[in-house]
Structure formats: C-alpha cells, structure tokens
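First comes the structure, then the notes that go with it.
The values are calculated or read from the model by the stated rules, or taken from the named source; none is laboratory data. Source: prediction; values computed, not measured. In this analysis, Cβ positions are derived from the backbone assuming ideal geometry, glycine residues included, and neighbour counts consider all displayed protein chains. Side chains included, ligands, DNA and RNA excluded: accessible areas come from the protein's heavy atoms. Shrake-Rupley method; radii C 1.70, N 1.55, O 1.52, S 1.80 Å.
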Amino acid sequence: MVRLIISGCNGRMGRVVEAICSADPEFEIAAGIDLLGTGDRDFPVFSSPTEFQGEADVVVDFSSPAALDGLLEFGIARGIPLVLATTGYSEEQLAAIDRAAAQIPVFRSANMSLGVNVLLELVRAAARALGDGYDLEIVERHHSKKVDAPSGTALMIADAAAEVLPYQPDYVYGRQAVRQPRGKTEIGISSVRGGGIVGDHEVIFAGRDEVIELRHTAMSRDVFASGAVRAARFLASVDRPGLYSMADLLRT
C-alpha cells in the first residue's frame with residue numbers, strides 16, 4: 001500500500017490523480033494540500049503541508065512553483081519523497097530541488113507522459129544520426145490557460161537534442177525580432193496557446209531535400225496523471241536520496 005499526499009488536490013490534475021488512485025487498491029490517499037481549502041474531498045485537505053501530522057510514503061505535486069519551498073521543507077523534515085510534476089520553475093528553484101535531492105528522493109519531470117519520454121529518445125537518435133546537416137525546430141501547442149512558455153517539455157526536447165548534437169546549440173524563442181537568416185547552430189522553439197489543447201509537441205528536422213517530423217499529442221490530462229502515479233509507486237520503493245526522472249523509471 002502506497003500512502004499518497006496530493007499537492008494541488010483541488011486542481012484539474014489533482015482530481016485526475018485522485019480518481020486514478022481511488023480506483024487502485026495499491027494506493028491510499030492520506031491527505032491533500034491546497035490553498036483553496038477542504039472543498040468536497042473524501043480525505044483531509046490542508047492549506048499547508050506542515051499541517052499534516054499523519055504518515056505518508058510520497059507526495060505528488062500538481063500545484064504551482066509557488067508551493068515548492070514549503071514542499072521541499074516538508075519532504076526534508078519528514079523524510080518523505082516528492083514527485084514534482086509542476087512546470088515553470090526558476091533557475092533558483094531548480095537549484096533548491098537539486099539540494100533537496102541530496103537528502104531525500106525527488107522525482108522531477110516537466111512531462112510525466114510515457115509517450116513523451118519515448119519521443120525524447122527518438123529525438124536523441126535522430127539528432128545523433130542527422131548531426132549538423134538538418135535544422136531543428138520545435139513547435140509546442142497548449143491550452144489558453146497555460147501561463148509558462150515555452151513549455152517545459154519543449155525545453156526537454158531541445159535539451160535532449162543538445163546532448164548529442166556536434167555543436168552547442170543556441171535556443172531561439174520565436175523569430176519576430178530576428179531579421180536575419182537562420183543560424184546553423186540554432187534550435188527554434190515556438191509556442192501556440194489556444195482553446196483546450198492538452199499538449200502537442202512537434203519536432204522538425206529540416207534538411208536540404210527532405211523533412212523528418214516527430215510528434216506527440218496528448219488527448220487528455222490522464223496521461224500526465226497516470227505517469228505521476230507511476231512515478232509515485234516507483235519513488236515509494238526508492239531507499240536512496242537522489243534526483244530521479246522518467247529515464248530511471250523506464251529502466252525498471
């Protein structure tokens with residue numbers, strides 16, 4: 001039995017995590033954390049993690065970057081692993097996550113979808129094979145309510161390609177202010193926001209005489225919640241501090 005705390009339990013993703021865990025006998029929802037209060041949950045909800053005095057095996061966070069400091073303090077103080085599925089962290093917050101991972105297990109991914117993480121492997125393989133003979137562009141599309149741009153997943157894709165390219169790429173975010181030919185070491189990243197698009201990422205390798213496209217489309221938010229629950233099950237069994245990712249989970 002994995003005793004789970006859902007951070008951001010009253011949000012859209014928190015409710016999907018709740019539905020998945022409620023239907024899985026391997027999970028028990030120990031509590032929820034949400035600034036909005038108790039709401040209509042079937043488990044106790046606290047406005048701050050420090051208010052929770054019970055026992056738990058792991059926290060899954062689908063809230064906002066503003067909640068990070070309290071979650072890290074709580075996880076370290078109680079020795080409870082954290083699954084961080086929130087995006088939009090600052091460089092300072094990413095450094096704080098790294099420091100926390102030296103004391104407790106922390107699982108962080110900008111995208112919890114299994115398919116997206118397979119896409120990352122395909123991007124690495126394509127970038128390694130195509131080298132500097134193809135221009136790389138990334139187009140990400142999300143719903144109108146998403147506040148950060150580009151998406152964390154788009155940056156993950158760019159970073160995956162950068163790991164294997166024979167040059168150090170420059171990331172270019174949109175081209176409206178760039179009045180010059182495209183540089184050979186650029187990775188272009190464009191963002192689209194509209195309607196109810198859950199998440200769509202297109203990776204374009206454009207050569208002189210051919211174009212190769214890789215694409216992942218999320219049809220519902222369930223794919224992200226399912227990945228986070230899977231990460232929680234994995235992290236609950238980890239007995240060493242460290243920063244873990246989907247790559248670690250896929251190797252198990």
| note | Condition set over 30 Å from D57 (Cα atoms), open to solvent by less than 40 Å² (accessible area, probe 1.4 Å) and of a type in the set (V, I, T), scope segment 110-159, selection nearest to the chain's Cα centre (by Cα): answer is I157
| message | Looking at segment 204-211, can you tell me whether even one residue there is part of a strand (DSSP E or B) and among the acidic types (D, E)? | response | no
| request: Answer yes if at least one residue in segment 56-65 is open to solvent by 30 Å² or more (accessible area, probe 1.4 Å), part of a loop (DSSP other than H, G, I, E, B) and in contact with an Asp or Glu (Cβ under 8 Å, 6 or more places away or on another chain), and no otherwise. | output: yes
| Pairs with Cβ under 8 Å, 6+ apart, first in segment 71-84 and touching a residue at least 60 places away in the same chain (Cβ under 8 Å) and under 19 Å from R233 (Cα atoms), second of a type in the set (D, E) and open to solvent by 10 Å² or more (accessible area, probe 1.4 Å) | I80/D57; P81/D57
| Odd one out for F107 among (1) open to solvent by 10 Å² or more (accessible area, probe 1.4 Å); (2) touching a helix residue (DSSP H, G or I) at 6+ places or on another chain (Cβ under 7 Å); (3) part of a strand (DSSP E or B); (4) not aliphatic (A, V, I, L, M) | (1)
| message | Where the second residue is aromatic (F, W, Y) and open to solvent by less than 20 Å² (accessible area, probe 1.4 Å) and the first is in a strand (DSSP E or B) and lies in segment 121-144, which pairs have Cβ atoms under 9 Å and are six or more apart or on separate chains? | response | D135/F205; L136/F205; E137/F205
| message | Looking at M1, M13 in this structure, which one is surrounded by fewer than 16 Cβ atoms within 10 Å (Cβ to Cβ), closer than 25 Å to L114 by Cβ and of a type in the set (A, V, I, L, M, F, W, C)? | response | M1
| query | So, of the residues in segment 198-222 that are at pLDDT below 95 and among the hydrophobic types (A, V, I, L, M, F, W, C), which turns out to be most open to solvent (accessible area, probe 1.4 Å)? | reply | M219
| request: Answer yes or no: is there a residue in segment 39-51 that is assigned to a helix (DSSP H, G or I), surrounded by 15 or more Cβ atoms within 10 Å (Cβ to Cβ) and in contact with a helix residue (DSSP H, G or I) (Cβ under 6 Å, 6 or more places away or on another chain). | output: yes
